[in-house]
Amino acid sequence: MKIKYLKIKNWFLVTLMGAMGFSSCHCSKELAEPQPENPPVQDHGQIRLMYGVPSMNFMIRGQVKDSDGRPVRDIRVNMLERGMEVADGELQGDPENVQRYLDNTSVRTDDEGRFTIQNNGLPQQQVRLLVRDVDGVENGQFRNQVVDMKVEAGDVDRSDANGWHQGTYNKEVKIKLENK
């Protein structure tokens with residue numbers, strides 16, 4: 001009997017609190033004048049707080065060549081996320097997850113060795129590319145390599161920055177592969 005009483009009491013309290021919560025969300029006060037969608041921001045020397053996560057677009061273009069300066073096609077290039085570890089040209093971690101990540105995020109070089117990576121993520125101080133030869137002996141055999149690029153202020157286009165979006169990192173890179 002006591003349990004039945006507690007269940008009824010809890011149901012009543014939840015219903016009452018729910019009704020009170022929804023009724024407090026309604027505002028019947030009329031606005032004196034229409035408010036603009038994006039009101040101008042006034043700086044009163046206060047810190048502006050926003051809820052969100054900083055983001056940045058990444059646009060990395062490049063060309064991969066062999067040690068003789070010839071373009072290399074069918075090379076896979078991945079932009080690594082922050083905190084990913086690479087040892088001896090191989091991404092570290094659970095093999096199944098590593099392979100899935102590499103397959104889902106890689107781009108291939110074309111006949112002229114060119115590639116383009118477009119990504120959106122957290123702003124970084126440094127961008128790392130993992131360059132891998134995955135086609136065997138077809139176009140030569142090359143060592144996997146990691147290319148580190150420092151994010152400089154001049155490489156970031158801030159014309160599209162607003163709120164948490166901090167702009168677009170544009171970089172052109174030339175990569176020279178070493179033979180195995």
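Of the trypsin sites (Lys or Arg not before Pro) found in the stretch 59-154, those in coil by DSSP whose Cβ has at most 12 other Cβ atoms within 10 Å are 82. Most tightly packed first, judged by the mean number of other beta-carbon atoms within 10 Å of their residues, the peptides 5-14, 90-99, 163-172 read 163-172, 90-99, 5-14.
Based on the alpha-carbon gyration tensor of the stretch 59-176 and its eigenvalue square roots a ≥ b ≥ c, which shape applies: rounded if a/c is under 1.5, prolate if not and a/b is larger than b/c, or oblate? In terms of gyration-tensor shape, oblate.
Any read-out appearing in this document is the output of simple, stated calculations on the displayed coordinates, not a laboratory observation. What you are looking at is a predicted structure, and each value in this text was computed from that prediction instead of being measured. Quick reminder, even Gly has a Cβ in these numbers, built from the backbone with ideal geometry, and neighbours come from all protein chains shown.
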